[in-house]
1. Quick one: how many residues across segment 219-268 are of a type in the set (A, V, I, L, M), under 30 Å from P111 (Cβ atoms) and surrounded by fewer than 20 Cβ atoms within 10 Å (Cβ to Cβ)?
2. Does I103 fit the bill of being among the aliphatic types (A, V, I, L, M), surrounded by 23 or more Cβ atoms within 10 Å (Cβ to Cβ) and closer than 22 Å to E342 by Cβ?
3. Pick from L193, L218, L174, L202: which is over 19 Å from G284 (Cβ atoms), assigned by TED's automatic domain parsing to the domain that holds G284 and of a type outside the set (D, E, K, R)?
4. Checking the condition among the hydrophobic types (A, V, I, L, M, F, W, C) and in the same structural domain as A220 (by TED's automatic domain parsing), which residue from A359, A367, A315, A339 passes?
5. Name the strands (runs of 3 or more DSSP E) wholly inside segment 280-375 in which the number of residues that are under 19 Å from the mean Cα position of the chain (by Cα) and over 30 Å from A240 (Cα atoms) is 1 or more.
6. Within segment 78-112, which residues are touching a helix residue (DSSP H, G or I) at 6+ places or on another chain (Cβ under 8 Å), over 22 Å from L46 (Cβ atoms) and either hydroxyl-bearing (S, T, Y) or not assigned by TED's automatic domain parsing to the domain that holds E67 (or both)?
7. Which of the residues that make up segment 292-316 are among the charged types (D, E, K, R) and either within 18 Å of L208 (Cβ to Cβ) or modelled with pLDDT of 95 or more (or both)?
Amino acid sequence: MAQDRTTGIDPWLLSRRAFVGALGAGAAAFAAFGPRGGKEASDGRLVLDYWEKWTRHEGDAMVRVVEAFNASQDRIRVRYQVTSDIGQKSLVAIAGGNAPDLIGLYAFNVPPYAESRAIMPLNELAAARGLRLEQYAPGVRGVMQHRGGWWAVVNTAGSVALYYNKAAFREAGLDPERGPTTIAELDEFHRRLTVRRADGELERVGFLHREPGWWSWLWAQHFGGRIFDESSRRATLDSAENIRALGWMQEYARELGVDRVKRFQEGFGNYFTPENAFLVGKVGMVIQGPWIANLINTFSPGFEYGVCPMPGLDAGGEPIGLIDTDVLVIPRGAKHPEACMEFIAFTQRPEMVEMLARAHCKPSPLAEVSAEFVSTHPNKGIGVHYEIFKSARAFVPPRTPVWQQFKDEMDTVVQRLWRLEAEPAAAMAALQVRVQELIDRDSEQRRRRYGEDAGGRGVGA
């Protein structure tokens, strides 16, 4: 989940020359996916093309949902099409008037697609099919909305928590039934779990901020801060909380040794392989989403793991955790939006949601779930993920149309900080200026094009 990324290009803000260039760059997408054949099946059904990013077991599960919908009625047939680099190809297809009928995107795609008018608002369509925001867990409702409009429906959802190796805990004299509850405890557990060979090289580390390295930006939240204020559209990268969090990260780099960690990580396998660093015991604790249970169940079903919320500075209180989701959207210009929403509403039936979530090893995004779903779930720590879903301290990726550029800039700087090539205060002060320029430029372009006020209102029109 959430490993494919888009470029963040807004085709509605491109010059004519740049737009033509984007279409040229996307020629391969058109050759592969469009224009498509007839939109009516041989049995007279209306055909809806659905682009989705999932493959392997995740894709197989969604195909089962599609097949169940196709068998449930005789008017519509949905065609599932696996699409790599889905964000970029979808933008090119929509800009060229050759979009599919339905697209499976990521939560971070929603703000730029909504503000670019690339997708349809769903307020009336969803209500007509009986969907309500209140049906969803509190933590996931926000990803479907943007500045007053309802733009997407959550397909699957996960929260990020701390997974730990129970066998390694026992070996280090730690209670295998209890994970760390504060940052200070995490530091202590890390020290006790770390093992060095006689030559000083690392054999096991307790915790690495750079493993897997997918979320370089989230540490501020666990220190009581944030990196973006949506109400004012202001980056807060230079906040005291973020600087402190990044300084904490650097303490690990200094203590372990930057070069030593680099050599150690060269022996890590790719994520979904039997050589995954957590699975083979090279890392005792790892920040991950619920989908890691699929990795464990596939390659090492006897692996003993525990799950707890990624801790913050203080014990107690509601858990802190990132919520990230996959979403379904209807592209702007879709010829059959009511039929598209009929399919989306079918995917939101509790039995369909739970079947898909179980196959992905994720919690259901719905507010109510069956007792059987929880008791038979293949992820042993699914209850922790539900606690995060319901927490007032859960958070989602910053809701800004320039998030991908924002994140790319943050990733680059955090890599330098990890290598001890910069100090957090100076690095964040400089990054704050660059990112705020991106945000302000984007806001000004949208005001000129869409007549929005400074708060970006009116995107649901």
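1. Selection size over segment 219-268: 2.
2. yes
3. L218
4. When all the criteria are applied, what remains is A315.
5. 321-329
6. Scanning segment 78-112 gives a single hit, Y106.
7. Within segment 292-316, E304 is the sole residue that qualifies.
Okay, residues lined up against (1) of a type in the set (A, V, I, L, M); (2) out of contact with any Ser or Thr (no Cβ under 7 Å at 6 or more places or on another chain):
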| residue | (1), (2) |
| --- | --- |
| F278 | no, yes |
| M285 | yes, yes |
| W291 | no, yes |
| G306 | no, yes |
| F373 | no, no |
| T376 | no, yes |
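The values are calculated or read from the model by the stated rules, or taken from the named source; none is laboratory data. Keep in mind the model is a prediction, meaning the values are calculated, not measured. As a convention, Cβ positions derive from the backbone with ideal geometry for all residues, glycine included, and neighbour counts pool all protein chains shown.
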